[in-house]
1. Looking at this structure, is residue 213 touching a helix residue (DSSP H, G or I) at 6+ places or on another chain (Cβ under 9 Å) and free of Cβ contacts under 8 Å to residues at least 12 places away in the same chain?
2. Within the set of pairs 6 or more residues apart or between chains, which connect a residue that is modelled with pLDDT of 95 or more inside segment 27-38 to a residue that is surrounded by 15 or more Cβ atoms within 10 Å (Cβ to Cβ) and among the β-branched types (Val, Ile, Thr) with Cβ atoms less than 7 Å apart?
3. Just checking, which of 56, 40 is among the hydroxyl-bearing types (Ser, Thr, Tyr) and surrounded by 16 or more Cβ atoms within 10 Å (Cβ to Cβ)?
4. Looking at segment 21-53 only, could you name the residues that are within 21 Å of residue 215 (Cβ to Cβ), touching a Phe, Trp or Tyr at 6+ places or on another chain (Cβ under 9 Å) and of a type outside the set (Val, Ile, Thr)?
5. I'm trying to understand the selection: among the residues of segment 149-175, which are among the small types (Gly, Ala, Ser) and within 16 Å of the chain's Cα centre (by Cα)?
6. Among the residues in segment 157-168, are any in contact with a strand residue (DSSP E or B) (Cβ under 9 Å, 6 or more places away or on another chain), over 15 Å from residue 63 (Cα atoms) and free of Cβ contacts under 8 Å to residues at least 12 places away in the same chain?
7. Does at least one position in segment 14-25 carry a residue that is part of a strand (DSSP E or B), farther than 30 Å from residue 249 by Cβ, among the hydrophobic types (A, V, I, L, M, F, W, C) and in contact with a Lys or Arg (Cβ under 9 Å, 6 or more places away or on another chain)?
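The values are calculated or read from the model by the stated rules, or taken from the named source; none is laboratory data. None of these values were measured; they are calculated from a predicted model. Every residue, glycine among them, receives a Cβ derived from its backbone with ideal geometry; neighbour counts consider all protein chains shown.
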Amino acid sequence: MSLRSRPLTYQHFRVTFPHEHVVQVMLDRQQKLNCIDKATSREIAQIWEWFDQDETLWVAIITGVGRAFCTGADLHEWNAMNQAGVINDMGAPGLAGLPRRDGKKPIIAAVNGMCMGGGFEMVANCDVVVASASAVFSLPEAKRGIVAVAGCLPRLTRTIGLQRTMDLVLTGRRVAAQTLYDWGLVTRLVGAGEDVAAAALGVAKEMCSNSPDALIVGRVGVRMSWENASVEGAVTALADQWYPRLMAGPNFAEGVRAFVEKRDPRWLDSKL
């Protein structure tokens, strides 16, 4: 079933299709700086599952409206849960289905403003991060007696390094998008005042000019090297398990044929 054909009306976010192969989730709970409650988290996680199943959609974007990208979980809801003695589940895939998502297709984070706590955890596991120069990031959990256990600590350590991650986690301080660009987490930096979602869409369109099969298999290969201890093990798994599937699909032959015939390739939706 196509994601476009589903009822997609939600209280705290919007779903749009800014390109034929792109779906965008836009957080819109501005009065609470786009923090995410449990119900919204489950709803967004379902969008990513449908996205992976929809062959016509190749790339996704998540962004926010207003001053914030996302300031994490709804702590008012957490407080009510604590008072009721309800245990807060921090299992996979995490807030909005992102901190521990493996999935199949790439998701771009378009960070428009404040990105804190669980919002930072979401971004740390996105495949590409486009951020406004005015955006600020922090992991302030320690200031509230919490620890960011939803998935970002090992991932941030691999991306930006041990001491930099320690700095963020143990101080809870805010850092500018420029700093995280210099450290290697932010992929592309957009000038303050510019439309970061539009910039992310530009990146998504670049991706969509390529084979959708290659997007899936290339993403798997990169993530194998990130998640696994053995580089050679990741190379072997990619070559033995995924490359034959890539070659068996029509887009493999089409890309080579288009090169020889000196024309643009005509990609088919991925069956992987």
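1. No.
2. Filtered contacts from segment 27-38: 27/65; 28/65; 30/65; 33/71; 34/71; 35/71.
3. Details: 56 fails: surrounded by 16 or more Cβ atoms within 10 Å (Cβ to Cβ).
Going through 56, 40 in turn, just one is among the hydroxyl-bearing types (Ser, Thr, Tyr) and surrounded by 16 or more Cβ atoms within 10 Å (Cβ to Cβ): 40.
4. Scanning segment 21-53 gives 21, 24.
5. 150, 151
6. Looking through segment 157-168, at least one residue is in contact with a strand residue (DSSP E or B) (Cβ under 9 Å, 6 or more places away or on another chain), over 15 Å from residue 63 (Cα atoms) and free of Cβ contacts under 8 Å to residues at least 12 places away in the same chain.
7. At the first step, the residues of segment 14-25 found to be part of a strand (DSSP E or B) are 14-19, 22-25.
From the residues that got through so far, the ones that are farther than 30 Å from residue 249 by Cβ too are 14.
The next check asks that each one be among the hydrophobic types (A, V, I, L, M, F, W, C); those that pass are none.
Checked segment 14-25: no residue is part of a strand (DSSP E or B), farther than 30 Å from residue 249 by Cβ, among the hydrophobic types (A, V, I, L, M, F, W, C) and in contact with a Lys or Arg (Cβ under 9 Å, 6 or more places away or on another chain).
Here is a yes/no grid of residues against (1) outside any helix (DSSP H, G or I); (2) not hydrophobic (A, V, I, L, M, F, W, C):
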site: 39; (1), (2): no, no
site: 43; (1), (2): no, yes
site: 46; (1), (2): no, yes
site: 50; (1), (2): no, no
site: 56; (1), (2): yes, yes
site: 60; (1), (2): yes, no
site: 69; (1), (2): yes, no
site: 76; (1), (2): no, yes
site: 79; (1), (2): no, yes
